[in-house]
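One structure is given here, and the rest of the page talks about it.
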Amino acid sequence: MSVGAPRGLASSGQKLITEMLHPLSAAEEPPSPGPDVTVSAEEKEKTSRIEFDLPDYSVRRRYQDFDWLRIKLEDSQPTHLIPPLPEKFVMKGVVDRFSEEFVETRMKALDKFLKRVADHPVLSFNPHLNAFLTAKDLNKRQGLALLTKVGESVKHVAGGYKLRARPAEFCAMGEYLDTFSQKLGTIDRIAQRILREQSEYLTELREYGAVYSSWAGSEEQLQRPLEGVAGCVTTSCGALEDLSDNMSQDFLPVLREYVLYIESMKNVLRKRDQVQAEYEGRLEAAVLRKQEDRTPIPVEVEKCQDKVECFNADLKADWERWQRNKRQDFKQLLTGMADKNINYYEKCQAAWESLITLLQEKQTEDKTSETELN
Amino acid sequence: MAEDSKEDSVASNVDSDQQTPDGSLNNSVLADGSCLLRRMEICVAEAEKRSGKNAVSMQETFTVYLVETRPIDATAEGRSPPPDSLWRRYSEFELLRNYLIIAYPYIVVPPLPEKRAEFVWHKLSADNMDPDFVERRRIGLENFLFRVASHPVLSNDEILYHFLTKEHGWKEMVYETGFQAKADSRLRALSATFRVRSPHKRLVEMKHYSDGLQSHTAQLLRARTRVADRLYAVYKVHGNYGRVFSEWSAIEKEMGDGLQSAGHHMDAYATSIDDILEEEEHYADQLKEYLFYAEALRAVCRKHELSQFELEMASLDLISKKQQREELATGVCHTNINLKQYAMLPKACK
């Protein structure tokens, strides 16, 4: 337990930079998926920090390994917020675990996880992270690999203590997280509904374009214009497909990841509550005993108090960091969504404008041929 | 062009106004061959709701359209007299068109805007009183008058002229032409099945083309309706973002204003679809015009077929009657066999 870990180191020296390469592009040998795990990811890191021997490292890791790392981090830094991993289990038959889209999405999430850990002033110094990034073979004990839910730590604080009074600021945090999580859920549902409606719209739009094509076949003078319209509609369809794909690959996963992040944060808040409850419980028992037979307050109680204060401080610092990152992430997310939509409309507009040019050319063509006939 | 119409119609228009207050006309006005639209400004300016008793004495509400006319030479001279105007119902436009179809069966008569709203997508009310529908109908009626009045043959029709200028008594004038009787018999004949022996190649091609055009425009209109429906749904769901962003902004400090504003933009986006789709209705109207034009073209081809069939029947009849006369005159029964008589043999034997 590194409760007293120095936090000042973050400002000194360079930060760790990690980069994730696409698993399928850099593979030397084909990845061999295990029974419960997906394709491995290859990482290259550039480091300029002193603890690392070499400037560059390149290792292969499986999802399992990320899971191991996260659990290790949670255990060794229980007062800190550990970023979430993408969902471990996916329903077989619902999602193709080897499809390019799924691998891409997962890789982006794993990349984000590592970057967040590497950016954290305390977590980035964790020896488990060091091992994860540099060791050729991770020597992890098999038992840990069987842990199921991401975010649940093995160690529990001795239970049974009830919290008396939670400080207002932590109450506020809890409420905020609940509401925020709810709103993200709503946004997720709306986004999914939009995707469904867009898909139906796309189907009808394709048929609509097809009618223009078929009509063009039975016209002479109108053939080119009608084909032009059909072409425009087809271009619009392609642009819409891109928009929908982007929504499901870039927008939705970030939303879902934040819901997991919120769950992690709530867990940390719960742990803090438990630590405070334990302290209060022990203190109360010690005070009673002191009143009975003058036994002095044991050292453990003071240590508990320290624990509570450190936890509160760590948590507040992490909270501020989390809020800052959240603002940045969502600004990026929503701006991205807006940009993609604008891009879609620009593509459609360009297509229709080129059609107008075609039609105007046809008009002048017709006029000149008319005057030639007369 | 202005000079032409000036010479042709200045005197006669003024004359007809002075001489014949009931509106009946000096035919020289119309006999010059240039179409009506070149001599007269026409527009369907407004629409109004009226209430009245209909043919079976029931109270009904209906829309009337203001038809304005003004001789072009009047504005050319620098004066700008107020236009003459009268109110017409859709049913009167229908009557005019039905008359023209019967009176000129060889002409593809321009179509009217639809009687009832068809190819509607779910949001659009199929209500004939809906102001958007009435406005689009007004445009369609004006378009109809433009097309008819610029047609080299139709524009010279008297009934048309009186439609534009004679508010009362016009209906009676139309009925007096006796076109209704012809209409009924034509209708019965057209729905009958018959085959022409030597079909006119060009007309068969035209009929075939009109079938194709009808089919394609109808398909297009149906597909467009479905697309409009789906597009509407996409936009409207975005409106839900408006609400949730607003709720979210309440729990944020730095991000609050941005989220609130984003919510408003989503609301604006969701409502923007209404105008977009209303505009598209005008495009659909133009497709419908050609759908109906295709029907009119087909009707002309059918009428031609009918006439040709009647002609063929009449010629065969004539041949047969001539033969009979010869037989009676010479007392000899010819053994010449023509195929028609051969076909009539089973009947004769009964």
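Restricted to segment A:185-202, and to residues there that are surrounded by fewer than 18 Cβ atoms within 10 Å (Cβ to Cβ) and among the acidic types (Asp, Glu), the residue that is nearest to the other protein chains (Cβ to nearest Cβ) is A:200. Between A:293, A:329, the distinction of being modelled with pLDDT under 95 and within 16 Å of the chain's Cα centre (by Cα) belongs to A:329 only. Screening residue B:150 against (1) in contact with a Leu (Cβ under 6 Å, 6 or more places away or on another chain); (2) polar (S, T, N, Q); (3) modelled with pLDDT under 90 leaves a single unmet condition, (3). Residues in segment B:252-259: is at least one at the interface with chain A (Cβ under 9 Å from one of its Cβ atoms), in contact (Cβ under 8 Å) with a residue 12 or more places away in the chain, in a helix (DSSP H, G or I) and within 30 Å of residue A:173 (Cα to Cα)? Scanning segment B:252-259 turns up at least one residue that is at the interface with chain A (Cβ under 9 Å from one of its Cβ atoms), in contact (Cβ under 8 Å) with a residue 12 or more places away in the chain, in a helix (DSSP H, G or I) and within 30 Å of residue A:173 (Cα to Cα). Somewhere in segment B:44-51, is a residue assigned to a strand (DSSP E or B), under 15 Å from residue B:156 (Cα atoms), modelled with pLDDT of 80 or more and within 21 Å of the chain's Cα centre (by Cα)? No, that holds for no residue.
The C-beta contact set for segment A:203-224 (first residue more than 9 Å from chain B (Cβ to nearest Cβ), second residue in a helix (DSSP H, G or I) and among the acidic types (Asp, Glu), distance under 9 angstrom, 6+ apart or interchain) comprises A:213/A:227; A:216/A:227; A:221/A:366.
As a summary of the residue check, residue B:141 satisfies the conditions (1) aliphatic (A, V, I, L, M); (2) out of contact with any strand residue (DSSP E or B) (no Cβ under 6 Å at 6 or more places or on another chain); (3) surrounded by 11 or more Cβ atoms within 10 Å (Cβ to Cβ) except for the one numbered (2).
Every listed requirement among (1) hydrophobic (A, V, I, L, M, F, W, C); (2) touching a Phe, Trp or Tyr at 6+ places or on another chain (Cβ under 8 Å); (3) within 14 Å of chain A (Cβ to nearest Cβ) is met by residue B:300 save one, (3).
The sole residue among A:288, A:260, A:269 that is away from chain B (no Cβ under 14 Å) and within 26 Å of residue A:101 (Cβ to Cβ) is A:260.
Mind listing just one residue for me: the one in segment A:120-150 that is within 17 Å of residue A:85 (Cα to Cα) and crowded, with 17+ Cβ neighbours inside 10 Å and, of those, modelled with the lowest pLDDT? Result: A:150. Within segment B:262-276, the set of residues being surrounded by 13 or more Cβ atoms within 10 Å (Cβ to Cβ) and within 13 Å of chain A (Cβ to nearest Cβ) comprises B:262, B:263, B:265, B:266, B:269, B:270, B:273. For segment B:156-206, the tally of residues that are closer than 18 Å to residue B:103 by Cα and of a type outside the set (A, V, I, L, M) stands at 20.
Conditions tested, residue by residue: (1) loosely packed, with under 13 Cβ neighbours inside 10 Å; (2) touching a residue at least 60 places away in the same chain (Cβ under 8 Å); (3) assigned to a helix (DSSP H, G or I).
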| residue | (1), (2), (3) |
| --- | --- |
| B:97 | no, no, yes |
| B:106 | yes, yes, no |
| B:109 | no, yes, no |
| B:122 | yes, yes, no |
| B:136 | no, yes, yes |
| B:162 | no, yes, yes |
| B:183 | no, yes, yes |
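Which residues, taken from segment A:223-243, are closer than 30 Å to residue B:206 by Cα and loosely packed, with under 15 Cβ neighbours inside 10 Å? A:223, the sole residue that qualifies. Pairs are defined by a Cβ separation below 8 Å, a sequence spacing of at least 6 or placement on different chains, a first member in segment A:183-202 that is touching a residue at least 24 places away in the same chain (Cβ under 8 Å), and a second member that is among the charged types (D, E, K, R); the pairs so defined are A:188/A:256; A:201/B:230; A:202/A:241. Cβ-Cβ contacts under 9 Å between residues 6 or more apart (or on different chains), taken from a first residue in segment A:160-178 that is touching a residue at least 60 places away in the same chain (Cβ under 8 Å) and within 14 Å of chain B (Cβ to nearest Cβ) to a second residue that is assigned to a loop (DSSP other than H, G, I, E, B) and surrounded by 11 or more Cβ atoms within 10 Å (Cβ to Cβ), are listed as A:174/A:166. Just so you know, in segment A:312-329 the residues that are within 11 Å of chain B (Cβ to nearest Cβ) and among the polar types (S, T, N, Q) include one that is surrounded by the most Cβ atoms within 10 Å (Cβ to Cβ), and it is A:323.
Scanning segment B:192-234 for residues that are farther than 29 Å from residue B:307 by Cα, more than 9 Å from chain A (Cβ to nearest Cβ) and over 28 Å from the mean Cα position of the chain (by Cα) yields one hit, B:232.
For segment A:225-235, a residue qualifies if it is within 16 Å of residue A:350 (Cα to Cα), without any contact (Cβ under 8 Å) to a residue 40 or more places away in the chain and of a type in the set (A, V, I, L, M), and the qualifying residues are A:230, A:233. When the test is whether a residue is within 14 Å of chain A (Cβ to nearest Cβ) and of a type in the set (Ser, Thr, Tyr), residue B:241 passes it.
Considering segment A:330-341, and only residues there that are within 12 Å of chain B (Cβ to nearest Cβ) and closer than 17 Å to residue B:269 by Cβ, the residue that is surrounded by the fewest Cβ atoms within 10 Å (Cβ to Cβ) turns out to be A:335.
The values are calculated or read from the model by the stated rules, or taken from the named source; none is laboratory data. None of these values were measured; they are calculated from a predicted model. Note that we place each Cβ from the backbone using ideal geometry, even for glycine, and neighbour counts take in every protein chain shown.
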